[in-house]
Amino acid sequence: MHPTSQDPMNQETLRPERTFVLDAESQVEATIASLKQHFEEVRQREVKRTRGRLGELSCTQENAVESLSRGIIDQILNTPIAVLKASRGNSHFLVAIAMVHRIFNLGEGLRQDRLV
């Protein structure tokens, strides 16, 4: 007799609603990570392009540019991230994820067949 096959205490049981919540949370967190990565890449590209036009910057100026650009990105992402996090608790989380992917052109991170 295998201890895990007969002992109900050793078997992990996930109810369908618990699996749904875990799936929603993981998909939402993956979308948030993808969104942050996308905006960080845009931020870095634009800062690099702007530095070329500004010439030599002091350390203080460099820090100001970095701080400003990160602050702008944080403000832009605040609402979409809040909407995604709020959607975890309901059955429409896939719609919120699809909307964010489409609006911010995040690519193929969400398969359309999962929306059905």
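Some observations on this one:
- In region 23-41, the residue that is surrounded by the most Cβ atoms within 10 Å (Cβ to Cβ) out of those that are under 8 Å from the mean Cα position of the chain (by Cα) and of a type in the set (Ser, Thr, Tyr) is THR31.
Each row is one residue, and each column tells you yes or no for (1) within 30 Å of MET99 (Cα to Cα); (2) modelled with pLDDT under 90; (3) not polar (S, T, N, Q).
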| residue | (1), (2), (3) |
| --- | --- |
| THR13 | no, yes, no |
| GLU17 | yes, yes, yes |
| GLN27 | yes, no, no |
| THR31 | yes, no, no |
| GLU40 | yes, no, yes |
| GLY52 | no, yes, yes |
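- Matching residues in region 50-71 - criterion: being surrounded by fewer than 10 Cβ atoms within 10 Å (Cβ to Cβ) and part of a helix (DSSP H, G or I): GLY52, ARG53, CYS59, THR60
- Answer residue from region 72-94, given it is outside any loop (DSSP other than H, G, I, E, B) and not aliphatic (A, V, I, L, M) and is nearest to ASP23 (Cα to Cα) among those: PHE93
The values are calculated or read from the model by the stated rules, or taken from the named source; none is laboratory data. The model shown is predicted, which means the values in this text are computed figures rather than measured ones. Note that each Cβ is placed from the backbone with ideal geometry, even for glycine, and that neighbours are counted across all protein chains shown.
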